[in-house]
Every structure is written in structure tokens, then in C-alpha cells.
Ligand SMILES: NC(=O)c1ccc[n+]([C@@H]2O[C@H](COP(=O)([O-])OP(=O)(O)OC[C@H]3O[C@@H](n4cnc5c(N)ncnc54)[C@H](O)[C@@H]3O)[C@@H](O)[C@H]2O)c1
């Protein structure tokens, strides 16, 4: 994989937020980018806007809860843009559901999107890389919620923790093929709190999060893309099976301890 020649980069959840920022970054760097998302209208608008800049982009509408649709989307992408060199499994949902009243259907849906959907996508991308002998890189977007829990975030935390371990085991299996698999685990990200985050990060939670974050502000989508880009680059040639937390230090200050004697 040489980064000087254009790569094929596939990104899920690319119609908004972190996924869109990643797609834009790679496309503007001259790479071919497949943007996959379930939100057909939003995806269409994003792809149209990037194509109008003269960039090599294409959209794939697929629901991660539908394994056949995901595999077909990956196959069409390979047909159109060649074997992927980079696959970014980023789509995710974070509904507020308290575990004590969560139905099996609600639980299953979160797991289906965040964990099983990510598994199917990464498996399909890695299988394509192996078949073509491409020594590619894969990055999954996990979350600080894989390590810390909060009321209403049980299914999300479980799906992100499971997804993180799944990605690490994929690294073990894909490593002998020269394929690396890593994850990023963002803390709170402010990309405008657009649709999809629902009531998981209401303003008062964001305010409280700043209080236990040493850097005292949210990450931008660009901050997360910087980490994804590093993990998928040749600079991380010997990095696999691990994760990078990008949370302004929130994982250290999670318990609300004062930062200084003055506080
Ligand atoms: N925003 C944060 O504070 C934060 C923090 C930690 C981790 N994350 C993780 O980062 C990732 C991206 O988050 P974001 O904040 O950019 O979210 P977002 O809601 O802005 O974007 C997520 C995208 O995923 C798509 N999507 C949802 N369900 C899908 C499905 N079934 N099939 C295909 N696409 C689907 C949505 O349509 C949307 O375009 C997620 O995995 C999220 O859990 C976000």
C-alpha cells in the first residue's frame, strides 16, 4: 500500500459527523472514496456535493442490519473503485435506553447496528483485501463508552465494548495477510449534534462532560479523523490490534476529581 498513489477508501456512516469528515479528508487528498450510509437522501446530497468538487466519490445506500445488503455494497464498490485499501467502520447509533426497561428488540437493534453491522462490513472488506493480496488497513470507531458506563447507555456500551474486542481479534486473524485492524475510541465529539445522536448528549451532559475532561472541551470530527488517518497510514505500519482514545483526557478524569487544590 503506497500512499502516494490513490487508494480506495470505504467509510460507513459517511453521510454525517465523523464518517463524513473522514470521507471528505480522503477524497480531498485525491483518493477514491465510497461513502456508505442508510440515510439515502443525506448520503446523496453529500456525494453530490463532493462530486461537484471534482472528487472521486460514490455512495452506497445500505443498512448495516442487513448483512446481504452490506456485502453487496462492498462488492459493488470493489467493482467500481477496486479493492479497498482502507476500510473505516464508523456508523453507529446511541439511543438513550435504560437497561432496566430495555426490550430485547431495542437491545438487539443497537447490537445489530453497532457490533454485528461493523463485523459484517469489516469481514467483507478484509476478505476482499485478502483475495486481491492488498495489505490494507481497517479502523473501527469505538467509543469511550466501551470502557465507562452511564445510565441509558448500556446497550451502546456493550455494543462498543464487544466491537472493540471483535476488531482486536480480526487484527489477529488478518495480521498474517499484512492487514492491520485498529480502533479509535472518542470521548464526546462536537460536530454540531446533528441527527443520530438523539438525546444521548443533551446540552447538560455535554456541559458536565467538559467538567470531567482535562482539556475541557469536546473533540471535533477532525480530531477523530486525524487519529483514523494515522492508524490507517504507513506511519502506523507496525500498529495493529489496538485502540487510540481521543477524549481530551476524560478517561483519566472520569470520576470528577478536582484538577487543582483551588477547585
Ligand atoms: N459523537 C460522539 O460524541 C461520539 C463519541 C464516541 C463515539 N462515537 C461513535 O462515532 C461514530 C460516528 O458517530 P457520529 O457522532 O459521527 O454520528 P452521526 O449520527 O453524526 O453519524 C452516524 C451515521 O451513521 C449512519 N447510520 C446509522 N445507522 C445506520 C445503519 N443501520 N446502517 C448504515 N448507516 C447507519 C447515520 O445515518 C449517520 O449518517 C459512531 O460509531 C459513534 O458511536 C461518537
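The values are calculated or read from the model by the stated rules, or taken from the named source; none is laboratory data. Keep in mind the model is a prediction, meaning the values are calculated, not measured. Every residue, glycine as well, gets a Cβ built from its backbone with ideal geometry; the counts of neighbours run over all protein chains shown.
Would you say residue 29 is within 11 Å of the ligand (Cβ to nearest atom) and at pLDDT 95 or above? If you could, list the steps in order and put the result at the bottom.
Values: within 11 Å of the ligand (Cβ to nearest atom): no; at pLDDT 95 or above: yes.
Considered against the rule, which asks whether it is within 11 Å of the ligand (Cβ to nearest atom) and at pLDDT 95 or above, residue 29 comes out as no.
For every residue, the table says whether it meets (1) assigned to a helix (DSSP H, G or I); (2) modelled with pLDDT of 95 or more; (3) farther than 23 Å from residue 97 by Cβ.
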residue: 114; (1), (2), (3): yes, yes, no
residue: 118; (1), (2), (3): yes, yes, no
residue: 128; (1), (2), (3): yes, yes, yes
residue: 135; (1), (2), (3): no, yes, yes
residue: 138; (1), (2), (3): no, yes, yes
residue: 151; (1), (2), (3): no, no, no
residue: 158; (1), (2), (3): yes, yes, no
residue: 164; (1), (2), (3): yes, yes, no
residue: 174; (1), (2), (3): yes, yes, yes
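Could you list, in sequence order, all residues of region 83-105 that are assigned to a loop (DSSP other than H, G, I, E, B) and either at positive phi or near the ligand (Cβ under 10 Å from one of its atoms) (or both)?
First, pick out the residues of region 83-105 that are assigned to a loop (DSSP other than H, G, I, E, B): 83-85, 90-96, 98, 102-103.
Scanning region 83-105 gives 90, 91, 92, 93, 94.
Could you please let me know if residue 219 is at pLDDT below 95, within 11 Å of the ligand (Cβ to nearest atom) and closer than 20 Å to residue 88 by Cα? Break it down stepwise before answering.
Values: at pLDDT below 95: yes; within 11 Å of the ligand (Cβ to nearest atom): yes; closer than 20 Å to residue 88 by Cα: yes.
Yes.
So, in region 123-141, of the ones that are closer than 13 Å to residue 171 by Cβ and within 13 Å of the ligand (Cβ to nearest atom), which residue ends up surrounded by the fewest Cβ atoms within 10 Å (Cβ to Cβ)?
139
Cβ-Cβ under 6 Å, sequence separation 6+ or interchain: first residue in region 148-168 and on the phi > 0 side of the Ramachandran plot, partner in a loop (DSSP other than H, G, I, E, B). Which pairs?
Between residues of region 148-168 that are on the phi > 0 side of the Ramachandran plot and residues that are in a loop (DSSP other than H, G, I, E, B), the close pairs are 152/96; 152/98.
So residue 189 fits all but one of (1) at pLDDT 95 or above; (2) touching a strand residue (DSSP E or B) at 6+ places or on another chain (Cβ under 7 Å); (3) within 13 Å of the ligand (Cβ to nearest atom); what number is the exception?
Only one criterion in (1) at pLDDT 95 or above; (2) touching a strand residue (DSSP E or B) at 6+ places or on another chain (Cβ under 7 Å); (3) within 13 Å of the ligand (Cβ to nearest atom) is unmet by residue 189, namely (1).
Assuming residue 35 fulfils every condition listed in (1) within 18 Å of the chain's Cα centre (by Cα); (2) under 18 Å from residue 9 (Cα atoms); (3) surrounded by fewer than 22 Cβ atoms within 10 Å (Cβ to Cβ); (4) more than 9 Å from the ligand (Cβ to nearest atom) apart from one, which condition is it?
Unmet for residue 35, out of (1) within 18 Å of the chain's Cα centre (by Cα); (2) under 18 Å from residue 9 (Cα atoms); (3) surrounded by fewer than 22 Cβ atoms within 10 Å (Cβ to Cβ); (4) more than 9 Å from the ligand (Cβ to nearest atom): (3).
Could you tell me whether any residue of region 40-55 is under 24 Å from residue 154 (Cα atoms) and within 8 Å of the ligand (Cβ to nearest atom)?
Start the filter on region 40-55 by keeping residues that are under 24 Å from residue 154 (Cα atoms), which leaves none.
No.
Just to be sure, is residue 47 without any contact (Cβ under 8 Å) to a residue 24 or more places away in the chain and buried (at least 22 other Cβ atoms within 10 Å of the Cβ)?
Working: without any contact (Cβ under 8 Å) to a residue 24 or more places away in the chain: yes; buried (at least 22 other Cβ atoms within 10 Å of the Cβ): yes.
So residue 47 fits the description; yes.
Which numbered condition in (1) within 14 Å of the ligand (Cβ to nearest atom); (2) buried (at least 23 other Cβ atoms within 10 Å of the Cβ) is the only one that residue 161 fails?
Checking residue 161 against (1) within 14 Å of the ligand (Cβ to nearest atom); (2) buried (at least 23 other Cβ atoms within 10 Å of the Cβ), the one that fails is (2).
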